[in-house]
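Rule-based calculations on the coordinates, nothing more; no lab input. A quick note: this is a predicted structure, and the numbers were derived from the prediction, not measured. Here the Cβ positions follow ideal geometry from the backbone for every residue, glycine too, while neighbour counts run over all protein chains shown.
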Amino acid sequence: MYRLALIGFGNVGQGLAQILLKKGELLERRYGFKASIVAVATLRKGSLYHPTGLDLQALLAAGQAGSFDSYPTTPGLIRGRDPLATIRATDADVVVETTYTNFQTAEPALTHVCTALELGKHVITANKGPVALAYHEIAALAARKQAFFGCEGTVMGGTPALRLARMSLAGCTISGARGVINGTTNFILTQMEQGQSYADALAEAQRLGYAEADPSGDVEGYDALGKLVILANTVMGLTLKFDEVTRQGITHLTPEDIRAAQADNMRWKLIASVKTSPAGTTAYVRPERLPLSDPLANLDGSTNAITYLTDLVGAVTLVGSGAGPEPTGFALLSDLLELHSQDLLRKL
Ligand code: HSE
């Protein structure tokens with residue numbers, strides 16, 4: 001039984017709790033996988049810890065209500081521990097970090113992740129900040145502590161962009177990655193093609209839970225840039241830094257630009273690309289007008305896609321949902337299942 005401490009309980013953390021509620025029995029029957037959420041710590045909703053596990057239905061109801069005050073008090077329940085105290089003082093063996101993304105310092109998530117790993121706890125995160133800014137340091141710490149570090153949910157939500165490259169393409173050298181890896185901007189561009197205004201489309205993306213807390217990160221291209229750095233460093237073995245990527249967002253695109261592309265049978269897409277060659281690495285995020293024959297042109301709504309350039313199988317493209325509570329909650333589950341399969345192998 002995995003004992004989980006969730007640090008942050010927004011869309012993504014609630015998505016994981018919902019999946020565990022819905023699929024707990026199936027996961028146990030099919031994979032022998034059992035998990036219990038013993039602690040949840042947030043800055044706004046409060047914090048809960050119960051040594052025998054929290055009730056998922058009551059937890060989700062309180063999360064929806066925006067405060068854990070409504071979570072029923074039962075013997076043994078402890079309230080009010082802050083995230084770091086929760087990591088240090090609870091007996092969870094897996095910390096699930098889903099606080100907000102900060103691309104400037106990666107905090108407070110970076111401290112949460114490193115504190116948990118230092119204590120020998122496994123860490124699973126969908127938080128892009130620590131992975132974009134400090135992936136190699138975190139991976140080294142996890143290896144030193146023999147702890148698992150999973151970050152599948154940081155790129156393309158639940159669509160297994162990192163796992164495809166790390167596991168299914170293991171043995172290949174990946175020399176390039178090119179994709180549409182921000183759901184909000186693709187949603188906005190698709191809606192604008194249908195005549196919706198930029199402002200209304202952005203508001204709808206926020207309502208649907210695609211956009212970041214500060215959506216300028218999406219529309220100015222920083223979210224795609226952060227994910228591109230994560231791809232480069234986690235699956236291509238690079239040490240790419242933010243300031244080595246040129247960036248342009250979609251805010252300058254007008255309804256006329258969109259219509260002009262449509263008239264030419266083309267579509268605007270926010271493309272993120274990184275390529276390595278003996279001459280060096282080039283990386284950028286920018287809107288491009290793509291012909292409809294390009295596989296990346298045919299993505300609607302918040303759908304994402306990534307094409308890897310490999311030495312042994314050529315170009316491999318993965319298409320799927322790139323944002324949203326349930327898909328990203330699934331990404332966390334997929335990391336938990338990878339940890340579980342590693343534990344099973346160790347026991348053989
Ligand atoms: N804001 C992000 C997006 C969420 O729109 O793609 C998933 O990382």
Check your understanding: To the nearest 0.05, how large is the calculated FRET efficiency for Glu204 and Asn265 if R₀ is 35 Å and r is the Cβ-Cβ distance?
Key -> 0.85
**Study point:** Gaussian network model of the chain, Cα within-10 Å springs - most flexible of Cys151, Cys114, Cys172
**Key:** Cys172
Point to revise | Beta bridges by DSSP in the chain, antiparallel share as percent, to the nearest 5 | key: 65 percent
Point to revise | Computed FRET value (nearest 0.05) for Lys22 with Leu344, which takes r as the C-beta separation and R₀ as 41 Å | key: 0.95
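Relative contact order for the chain: what percent, with Cα pairs under 8 Å and sequence separation of 6 or more? Numbers along the way, then the final one.
Details: 709 pairs, mean separation 68.4, N = 348.
Relative CO of the chain lands at 20 percent.
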Exercise for review: Give me the lysines in straight-line cross-link reach of Lys145: C-alpha distance below 17 Å, same-chain residues under 8 apart excluded.
Suggested key: Lys121
Review point. Across all directions of projection, what mean area in square nanometres is found for the Cα convex hull of segment 259-348?
Key: 9.4 nm²
Exercise for review: List the relative contact order of segment 1-55 as a percent without decimals, with contacts defined as Cα pairs under 8 Å and 6+ residues apart.
Suggested key: 44 percent
Exercise for review: Using a/c under 1.5 as the rounded threshold, could you call segment 1-122 rounded, prolate or oblate? The axes a ≥ b ≥ c are square roots of the C-alpha gyration tensor eigenvalues, and prolate needs a/b larger than b/c, oblate otherwise.
Suggested key: rounded
**Study point:** Backbone N under 15 Å from the Asp311 label point (7 Å along Cα→Cβ), restricted to segment 167-182
**Key:** 169-176
Point to revise | Cα-based reach from Lys275 at 19 Å (exclusive), listing lysines while leaving out same-chain residues under 8 positions away | key: Lys227, Lys241
Practice item. Starting from the Cα of Lys22, draw a straight line to each of the lysines and keep only those under 22 Å, dropping any in the same chain fewer than 8 residues away. Key: Lys34
Exercise for review: Count the DSSP beta bridges whose two residues both fall in segment 247-298, then state the antiparallel fraction as a percent rounded to the nearest 5.
Suggested key: 90 percent
**Study point:** Three semi-axes of the equivalent ellipsoid, the chain, Cα gyration tensor, whole Å, largest first
**Key:** 35, 24, 18
Study note, to complete from the structure: For segment 1-114, percent of DSSP beta bridges that are antiparallel (nearest 5) comes out at 35 percent
Check your understanding: What is the set of long-range amide H partners of Leu54 at a cut-off below 5 Å, with H atoms built 1.01 Å from backbone N?
Key -> Ile37, Val38
Review point. Given 0.36 nm per residue, what is the gain on full extension from Ala140 to Ala65 after removing their alpha carbon distance, in nm?
Key: 23.1 nm
Exercise for review: Could you give log10 I(q)/I(0) at q = 0.17, 0.18, 0.24 Å⁻¹ for segment 152-227, computed by the Debye formula over C-alpha point scatterers of equal weight, without solvent?
Suggested key: -0.70, -0.76, -1.09
